[in-house]
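Notes for the one structure printed next.
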Amino acid sequence: MALQAASFLPSSFSINKEGKANVSLKETSLFGVTFSDSLRTDFSSLRTRRGCRQISQTGAIRSQAVATTPSVNRATGEGKKTLRKGSVIITGASSGLGLATAKALAETGKWHVIMACRDFLKAERAAKSAGMPKENYTIMHLDLASLDSVRQFVETFRRSERPLDVLVCNAAVYFPTAKEPTYTADGFELSVGTNHLGHFLLSRLLLDDLNKSDYPSKRLIIVGSITGNTNTLAGNVPPKANLGDLRGLAGGLNGMNSSAMIDGAEFDGAKAYKDSKVCNMLTMQEFHRRYHEETGITFASLYPGCIATTGLFREHIPLFRTLFPPFQKYITKGYVSEAESGKRLAQVVSEPSLTKSGVYWSWNKDSASFENQLSEEASDVEKARKVWEVSEKLVGLA
Ligand code: NDP
Ligand code: PMR
């Protein structure tokens with residue numbers, strides 16, 4: 001279905017040296033939708049048991065009572081201070097972007113990665129087969145589709161007595177072919193419930209922990225996407241993200257006395273994912289406005305490129321999974337490998353040059369980062385405030 005639509009690509013589809021393009025889509029029909037706007041886009045960037053157990057890198061169950069002493073700044077022979085290992089939590093680090101980022105950071109020897117995953121064994125196998133040095137990661141159970149699990153994860157993490165220097169909200173689910181909504185343990189539509197509400201509670205709870213860190217650069221990163229931004233060609237592929245007046249979100253997304261969709265409309269799995277990404281990008285900016293000045297924490301979001309081979313597309317039809325990678329590689333040129341995307345996100349975690357807060361990062365075709373523009377909706381200050389206020393009620397913080 002999707003790839004048939006590739007043949008509807010406009011003939012004026014061209015990419016300049018920087019991998020940026022002004023795509024003039026005057027009256028171009030795509031998926032039966034007529035565009036009359038001139039869009040500016042960037043092509044290069046074009047169930048488990050709830051656990052409060054923690055598995056050590058060797059796979060053995062480690063008692064929570066064992067406190068791991070974080071390394072601290074220590075003086076070297078010359079009297080210079082050496083930076084201690086940074087401590088970063090990455091949600092959904094068992095595959096795709098999360099795993100590639102965990103690997104990139106762990107391999108530097110400068111980071112200890114807490115892989116916050118819903119499936120212990122999958123995460124352990126993934127870390128091992130990626131060759132991650134054992135001493136540089138720990139796996140902790142987190143199921144973002146359960147608010148209880150999020151709270152338990154925060155407790156377990158605190159008991160580990162590791163500092164928190166960077167939190168990366170990366171995990172996501174995508175149900176493009178679902179006819180009916182499915183729900184989290186708390187009764188929220190599963191994609192917005194996992195991708196947005198689970199992360200919203202997690203990051204609100206862990207803000208205190210980030211604030212306590214003595215690391216020189218503390219960061220909270222929420223992964224966004226081009227497909228939630230309607231100022232891009234990719235963001236104009238139907239169904240488009242649109243949060244409307246948030247009536248469905250305010251009603252609890254439970255599909256009973258309220259719609260399962262944020263805007264109150266009929267369920268559409270692909271749209272629910274894109275809406276959840278808009279929430280992710282709005283949440284990052286709202287964090288920035290509320291807390292950056294007071295805490296010095298850097299809040300950032302990013303579009304890592306089209307990583308067309310990841311598990312995100314596992315629910316898509318087989319034909320899509322076969323054709324999507326070559327389509328992105330050879331036609332849109334938006335494709336990036338998992339390894340490259342991991343390096344990009346690792347930069348947002350650790351690069352001293354990427355400390356600016358409130359930014360949505362993207363990369364050009366030479367893999368140089370730049371501050372990208374968000375769509376009107378994804379940068380709407382009033383909507384961000386409303387999403388924040390409604391979300392804090394839904395997750396029990398207000
Ligand atoms: P993957 O499916 O490979 O990774 C998603 C991860 O999220 C997996 O580790 C998965 O765990 C985890 N996860 C899913 N549900 C839960 C849950 N309830 N609790 C805890 N973890 C969960 O996809 P990607 O690597 O592609 O996606 C990573 C991020 O990148 C997402 O935020 C996505 O929106 C974003 N992104 C991806 C793009 C792409 O082209 N792929 C483009 C732009 C943004 P498990 O392994 O157990 O399934
Ligand atoms: Mg896209 C022009 C550039 C471009 C880029 C960078 C993406 C990224 N896509 C582009 C264009 C197009 N896509 C065009 C012209 C079409 C019509 C043929 C198209 C279609 C399409 C489909 C059906 N694209 C998709 C899908 C999905 O199911 C993916 C999706 O929306 O997941 C939510 C997807 C994506 N396209 C991208 C990226 C990055 C995705 C996936 C992931 C994401 O946002 O997380």
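The values are calculated or read from the model by the stated rules, or taken from the named source; none is laboratory data. If you're wondering where the values come from, they're calculated on a predicted model, not measured in any experiment. Here the Cβ positions follow ideal geometry from the backbone for every residue, glycine too, while neighbour counts run over all protein chains shown.
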> Could you list, in sequence order, the residues of segment 234-279 that are at pLDDT below 95 and aliphatic (A, V, I, L, M)?
Replying inline: 256
> Restricting the search to segment 203-246, which residues are within 19 Å of the chain's Cα centre (by Cα), β-branched (Val, Ile, Thr) and part of a loop (DSSP other than H, G, I, E, B)?
Replying inline: 230, 232
> Within the bounds of segment 336-350, is there any residue that is among the hydrophobic types (A, V, I, L, M, F, W, C), closer than 22 Å to residue 103 by Cα and more than 16 Å from ligand 1 (Cβ to nearest atom)?
Replying inline: no
>> If I ask for residues that are out of contact with any Leu (no Cβ under 8 Å at 6 or more places or on another chain) and part of a loop (DSSP other than H, G, I, E, B), which ones from segment 142-175 would you list?
In response: 143, 146, 161, 162, 163
> Which of the helices (runs of 4 or more DSSP H) contained wholly in segment 259-365 include at least 2 residues that are in contact with a strand residue (DSSP E or B) (Cβ under 7 Å, 6 or more places away or on another chain) and of a type in the set (Gly, Ala, Ser)?
Replying inline: none
> Out of (1) surrounded by fewer than 23 Cβ atoms within 10 Å (Cβ to Cβ); (2) hydrophobic (A, V, I, L, M, F, W, C); (3) within 9 Å of ligand 1 (Cβ to nearest atom), what's the single condition that is false for residue 144?
Replying inline: (1)
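Of all residues being of a type in the set (Gly, Ala, Ser) and surrounded by 14 or more Cβ atoms within 10 Å (Cβ to Cβ) in segment 371-396, which is nearest to the chain's Cα centre (by Cα)? Just the residue, please.
378
Here's the yes/no breakdown for (1) closer than 20 Å to residue 144 by Cα; (2) within 13 Å of ligand 1 (Cβ to nearest atom); (3) of a type in the set (D, E, K, R):
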| position | (1), (2), (3) |
| --- | --- |
| 205 | yes, no, no |
| 222 | yes, yes, no |
| 252 | yes, no, no |
| 277 | yes, yes, yes |
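May I ask you to say which residue of 55, 139 is under 24 Å from the mean Cα position of the chain (by Cα), at pLDDT 50 or above and either under 20 Å from residue 157 (Cβ atoms) or hydroxyl-bearing (Ser, Thr, Tyr) (or both)?
Sole residue among the options that is under 24 Å from the mean Cα position of the chain (by Cα), at pLDDT 50 or above and either under 20 Å from residue 157 (Cβ atoms) or hydroxyl-bearing (Ser, Thr, Tyr) (or both): 139.
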> What single numbered condition from (1) away from ligand 1 (no atom under 14 Å from the Cβ); (2) crowded, with 20+ Cβ neighbours inside 10 Å fails to hold for residue 170?
Replying inline: (1)
> How many residues are of a type in the set (Val, Ile, Thr), closer than 21 Å to residue 123 by Cα and crowded, with 20+ Cβ neighbours inside 10 Å if we restrict to segment 308-363?
Replying inline: 1
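Results for (1) of a type in the set (Asp, Glu); (2) more than 16 Å from ligand 2 (Cβ to nearest atom); (3) closer than 24 Å to residue 197 by Cα; (4) over 15 Å from the mean Cα position of the chain (by Cα), shown as yes or no for each residue.
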position	(1), (2), (3), (4)
91	no, no, yes, no
98	no, no, yes, no
102	no, yes, yes, no
107	yes, yes, no, yes
121	no, yes, no, yes
125	no, yes, no, yes
162	no, yes, no, yes
> Do we find that residue 158 is more than 22 Å from the chain's Cα centre (by Cα), at pLDDT 95 or above and under 26 Å from residue 287 (Cα atoms) in this structure?
Replying inline: yes
> When you scan segment 121-141, how many residues do you find that are polar (S, T, N, Q) and part of a helix (DSSP H, G or I)?
Replying inline: 2
>> Of the residues 128, 103, 134, 122, only one is modelled with pLDDT of 95 or more, within 9 Å of ligand 1 (Cβ to nearest atom) and out of contact with any strand residue (DSSP E or B) (no Cβ under 8 Å at 6 or more places or on another chain); which?
In response: 122
